[in-house]
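> Structure incoming, see below.
Values in this text are rule-based calculations from the coordinates and carry no lab data. This structure is a prediction, so every number in the text was calculated from the model and none was measured. Glycine gets a Cβ as well: all are built from the backbone with ideal geometry, and neighbour counts include every protein chain shown.
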Amino acid sequence: MKRRAESWSRLQVHDEFMRLGDCLFLHGDCANWCMSARDLRRIRERNARPRRRRAFIGRLQVLRDNSRLTALMHYMVFRTQRTVARRLVHYLRDLEPAALDGVRHIYFGHTHLPFHNHPYQGIVFHNTGSAVGPMVFHPLRFALPNVGESLVPADLAGANRRSSTARRGGTR
């Protein structure tokens, strides 16, 4: 991706996010709490260490996901769309102060709670949810825009799904 970005001025690839025009894409694990870039690096380093895991732990995790317990846990941590948006903005400003300059849309994952078109501080936030177990998932397809046009998924153009996803496990 970084090589492609060198030949395409509208694409910017950072270690923690990708930017295409006025859209920024990132994983979203920085939204667990109002964390700094340093906090996230520490968590990722800790989680990258090899751990001995027993098979029954993996089966318990599948059972947890299929019983909607994961969705409940994520709802408790991420509570509202505004909370998640605030945490993402805080993290990105800490990571790279200019990261949000000119950004109109942020697309992210990790929270497993889908919502689309949530405005916060002049930026519109979108989360596709999760394809794990019975959780709600709204994958997005993008068509690459012409120069000067915004990158917006075809299924979101002019639509706001916040109310429908809130009833199906999303947040308001």
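> Between HIS27 and ASP15, what is the label-point separation in nm under the 7 Å Cα-to-beta-carbon projection?
My value for the distance between the label points is 1.2 nm.
> Oh, and also: Output wanted: per-residue J couplings in Hz (rounded whole) for segment 102-116, from phi through Karplus 6.51 cos²θ - 1.76 cosθ + 1.60, θ = phi - 60°, x for Gly and Pro.
Along segment 102-116, the couplings run x, 7, 10, 9, 10, 10, 8, x, 6, 6, 6, 10, x, 7, 9 Hz.
> A further question follows. Taking R0 as 22 Å, what's the FRET efficiency between MET76 and ARG141 from their Cβ-Cβ distance, rounded to 0.05? Display every interim value, and only then the final one.
Values: r = 31 Å, r/R0 = 1.41.
Efficiency for this residue pair is about 0.10.
> In which sequence would HIS27, HIS126, HIS112 go, from the one with the fewest C-beta neighbours within 10 Å to the one with the most?
Numbers: HIS27 13, HIS126 22, HIS112 26.
Sorted ascending by nearby Cβ count, the order is HIS27, HIS126, HIS112.
> Order of THR70, THR111 from fewest to most other C-beta atoms within 10 Å?
Values: THR70 18, THR111 26.
Ordered by Cβ neighbours within 10 Å, fewest first: THR70, THR111.
> Can I ask one more? For a quick check: with amide H placed at 1.01 Å from N, whose amide H comes under 5 Å from SER130's, ignoring anything fewer than 5 positions away on the same chain?
Close amide H contacts, sequence-distant or interchain: VAL136, PHE137, HIS138.
> Counting other beta carbons within 10 Å of each Cβ, put PHE56, PHE108, PHE137 in order, fewest first.
Working: PHE56 8, PHE108 21, PHE137 12.
By the 10 Å Cβ count, ascending: PHE56, PHE137, PHE108.
> A follow-up question, please. Return, for the Cα atoms of segment 28-70, the radius of gyration and Dmax in Å, separated by a comma.
Here Rg and the maximum Cα pair distance are 13.7, 34 Å.
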